[in-house]
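Before I ask anything, here is the structure I am working with.
The values are calculated or read from the model by the stated rules, or taken from the named source; none is laboratory data. What you see is a predicted model, and the numbers here were worked out from it, not measured in a lab. Cβ: placed from backbone, ideal geometry, glycine included. Neighbour counts: every protein chain shown.
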Amino acid sequence: SLRCIFEKIGYDRCIETIYRKGYRFSGQVFKTKINEDNTSDYSIAIFPFTTSLNTLDPLILNQELVQNISNKKIDGLYTYPMAATNFCNDHISQNSFLRRFKPDYFVTGRINQNNAVKTLYIELIDAKNLFLIASNHLPVDELHNTSQFIIDNILQTVHNPERSVRLAKPDQGYKNHYLSDELLAGKKELYEFTPESIYRAMAIFDGLQNKSDIQTLKIECYCLLAECHMSLALHGKYELELAAQKALELLHYVSDITNVDGKILAIMGLITGLSGQAKVSHILFEQAKIHTTDIASLYYYRALVNFHNERIEEARICIDKSLQLEPRRRKAVVIK
């Protein structure tokens, strides 16, 4: 019976017995349909937004955004339900989802607050090659405009593929997923935060940026290489001045191929903070907060700066906030 099937996978309270009437589900039930093979269809996954605000539940915003997009009933557009994306709240789970379900597009977001104004920074990304299609800052309470922004940009990309000149060819899909797995392996080594693991991470990132012509992947590799140099300096393997010089050379190259990028600003905040330029570091970190969704890394970098400058209590606060946003961040645990 259906009840036995649920019990075998650990759900023993899904179906209740109603005396003299029969059975009923004890929780909410969603009706779905099997995807049909249709080469003209395209799909989107909305990953959970991140925030450090205790007064706001980001999953509520995710739910409203998923409903807004699905209710518009755009021909050919399938929106993955929250039941599928609800737990994709870090790089590992998101990459696992992308490999398993292979959506065409996905959205990540970060909720910020400036004084009393809450804004949502979102990124719409092509899942085949990690190409950033569009990003924007939008008011949290105007999700209708947010959903329309996402749909408009998807439709423009679908009907005008020349708009995304760097989109990968269909036969490159497997290669790009392989590169994504390799990037994740490099991050795992960096997260171990030992000198040996950092050297292994550097070898992976250096090889990746030579293998790929995807702009977003190359930018991330250069930023991670810069972080590796600064991390080795903290381990005493590099002179701090030499590490900062090498990191700045990497970021200088990245700045030639992109505009304002939160990752670059965050790494710059780390470099200047470790070099004694406290005011400049603070400004860069504040700007990075506006332009990135990876706030866990931002708090981690701030923790390193505070730790280096012997502001131990402030460093602990930043580490706790980083781990609150991304509990699996091993390097933050090591520093703590």
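Out of (1) surrounded by 15 or more Cβ atoms within 10 Å (Cβ to Cβ); (2) more than 23 Å from the chain's Cα centre (by Cα); (3) in contact (Cβ under 8 Å) with a residue 12 or more places away in the chain; (4) more than 17 Å from Leu190 (Cα to Cα), the odd one out for Leu232 is which?
In the conditions (1) surrounded by 15 or more Cβ atoms within 10 Å (Cβ to Cβ); (2) more than 23 Å from the chain's Cα centre (by Cα); (3) in contact (Cβ under 8 Å) with a residue 12 or more places away in the chain; (4) more than 17 Å from Leu190 (Cα to Cα), Leu232 misses (4) alone.
Which residues, taken from the range 42-55, are surrounded by fewer than 17 Cβ atoms within 10 Å (Cβ to Cβ) and under 11 Å from Asn112 (Cβ atoms)?
Within the range 42-55, the subset surrounded by fewer than 17 Cβ atoms within 10 Å (Cβ to Cβ) is 53-55.
Listed by number, the list holds a single entry, Leu53.
Taking Lys237, is it basic (Lys, Arg), closer than 19 Å to Asp206 by Cβ, in the same structural domain as Leu217 (by TED's automatic domain parsing) and in a loop (DSSP other than H, G, I, E, B)? Step through it out loud before you land on a result.
Numbers: basic (Lys, Arg): yes; closer than 19 Å to Asp206 by Cβ: yes; in the same structural domain as Leu217 (by TED's automatic domain parsing): yes; in a loop (DSSP other than H, G, I, E, B): yes.
Judged against the criteria, Lys237 is a match.
Hey, can you tell me all the residues within the range 185-228 that are in a loop (DSSP other than H, G, I, E, B), of a type outside the set (S, T, N, Q) and farther than 18 Å from Lys128 by Cβ? Steps first, please.
Restricting attention to the range 185-228, the residues satisfying the condition of being in a loop (DSSP other than H, G, I, E, B) are 193-194, 212-214.
Checking the rest, the ones that are also of a type outside the set (S, T, N, Q) come to 193, 213-214.
Phe193, the sole residue that qualifies.
Identify all residues within the range 64-74 that are surrounded by fewer than 16 Cβ atoms within 10 Å (Cβ to Cβ) and either part of a helix (DSSP H, G or I) or touching a Phe, Trp or Tyr at 6+ places or on another chain (Cβ under 9 Å) (or both); write none if there are none.
Glu64, Gln67, Asn71 - these are the residues of the range 64-74 that are surrounded by fewer than 16 Cβ atoms within 10 Å (Cβ to Cβ) and either part of a helix (DSSP H, G or I) or touching a Phe, Trp or Tyr at 6+ places or on another chain (Cβ under 9 Å) (or both).
Ok, one more. Would you point out which residue out of Phe149, Phe131, Phe101, Phe106 is within 28 Å of Lys218 (Cα to Cα) and more than 18 Å from the chain's Cα centre (by Cα)? Talk me through it step by step, then tell me what you get.
Details: Phe131 fails: more than 18 Å from the chain's Cα centre (by Cα); Phe101 fails: more than 18 Å from the chain's Cα centre (by Cα); Phe106 fails: more than 18 Å from the chain's Cα centre (by Cα).
The conditions single out Phe149.
Kindly indicate which of Lys102, Lys73, Lys118, Lys128 is without any contact (Cβ under 8 Å) to a residue 12 or more places away in the chain, outside the structural domain of His291 (by TED's automatic domain parsing) and of a type outside the set (S, T, N, Q). Step through it out loud before you land on a result.
Details: Lys102 fails: without any contact (Cβ under 8 Å) to a residue 12 or more places away in the chain; Lys118 fails: without any contact (Cβ under 8 Å) to a residue 12 or more places away in the chain; Lys128 fails: without any contact (Cβ under 8 Å) to a residue 12 or more places away in the chain.
None of the other options fit; the residue is Lys73.
Pairs under 6 Å by beta carbon, first residue closer than 13 Å to Thr292 by Cβ in the range 251-275, partner part of a helix (DSSP H, G or I) and modelled with pLDDT under 80, six or more apart or different chains?
These pairs meet every condition: Val260/His291; Gly262/His291; Ile264/Val254.
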